[in-house]
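Worksheet for the structure shown next.
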Amino acid sequence: MAELTASEAINARQSRRAFLDTPVPRETVERLLALASRSPSGSNMQPWNVYVVTGDKLDELKAVALKAIANGVDLGAAEFEIYPAGMSDVHTERRLRNAEEMFGAAGVARDYVAGRMGQMAANFRFFDAPVGMFFSIDRALAVGNGQMAHLGMFIQTLMLAAQAEGLDTCPQEAWAILHDTVAPWLGIPDEQMLYCGLALGHHDPDAPINSFRTDREPIESFTTFLGN
């Protein structure tokens, strides 16, 4: 398969929520991470740490995570505000619309609570992807969230590099709510904060939820041009 151009990869990338069990060679993962490491960061601080889980260890981790979910978990337990309390009505409306459309694509009715919880739990199987990744950042660098943006650029570069090679991804902040369970299991030191997970693999083209593609606002809604 020919690699995509940057524009093609950007337009093709979408968060996939059902994967095939087709393996991804470690050499491929290493190459993608090396490409992602070229991402920009303030003063070249490179504030990212990556944990890659595959095979039997991934199965073990999924079992641990699903047990934690079954025992009950605080959905607001992340160490940072995923959805800040002061969000504007515009952002709140977009978030709610996104949820409705995603569950609709999965065939889960609005009032089917068990179905929605089941779809939520799929996060903690990495949507059956063969590669699970976690990203953390030194706590000192997360203060004020400045370096969090640079970690985000690394993750975006990784996703686009994967897309260019015909692989699919899904970034998952949901994993942050299980930091008390996941961080010790991964061996993340106390001075690092778990930010998110990411599923990597080949998407299942027959899964209805993979037809779900979010829209985007026109540039006029978020851009101000000054000058000629």
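Going through the stretch 1-55 one residue at a time, which ones are hydroxyl-bearing (Ser, Thr, Tyr), in contact with a strand residue (DSSP E or B) (Cβ under 6 Å, 6 or more places away or on another chain) and open to solvent by 40 Å² or more (accessible area, probe 1.4 Å)?
Those that are hydroxyl-bearing (Ser, Thr, Tyr), in contact with a strand residue (DSSP E or B) (Cβ under 6 Å, 6 or more places away or on another chain) and open to solvent by 40 Å² or more (accessible area, probe 1.4 Å): Tyr51, Thr54.
Here is a check on your reading of the model: is Phe80 surrounded by fewer than 17 Cβ atoms within 10 Å (Cβ to Cβ), touching a helix residue (DSSP H, G or I) at 6+ places or on another chain (Cβ under 9 Å), among the aromatic types (Phe, Trp, Tyr) and at pLDDT below 90?
yes
Within the stretch 166-219, track down each residue that is in contact with a strand residue (DSSP E or B) (Cβ under 6 Å, 6 or more places away or on another chain), of a type in the set (Val, Ile, Thr) and surrounded by fewer than 21 Cβ atoms within 10 Å (Cβ to Cβ).
Result: Ile188, single match.
I'd like to know if the stretch 187-197 contains one or more residues that are assigned to a helix (DSSP H, G or I) and not polar (S, T, N, Q).
For the stretch 187-197, residues assigned to a helix (DSSP H, G or I) and not polar (S, T, N, Q): absent.
Looking at (1) at pLDDT 95 or above; (2) under 29 Å from Pro25 (Cβ atoms), which is the only condition Ile219 fails?
(2)
Given (1) open to solvent by 80 Å² or more (accessible area, probe 1.4 Å); (2) hydrophobic (A, V, I, L, M, F, W, C); (3) within 20 Å of Met159 (Cβ to Cβ), where does Ala85 come up short, assuming only one miss?
(3)
Going through Phe127, Phe154, Phe103 one at a time, which residue ends up being of a type in the set (Phe, Trp, Tyr), closer than 23 Å to Arg13 by Cα and modelled with pLDDT under 90?
So the residue among Phe127, Phe154, Phe103 that is of a type in the set (Phe, Trp, Tyr), closer than 23 Å to Arg13 by Cα and modelled with pLDDT under 90 is Phe103.
The values are calculated or read from the model by the stated rules, or taken from the named source; none is laboratory data. The shown structure was predicted, so the numbers you read here are calculated from the model rather than taken from an experiment. Neighbour counts run over all protein chains shown; Cβ positions are idealised from the backbone, glycine included. We work out accessible area using only protein heavy atoms, side chains counted, and drop any ligands, DNA or RNA first. Shrake-Rupley method; radii C 1.70, N 1.55, O 1.52, S 1.80 Å.
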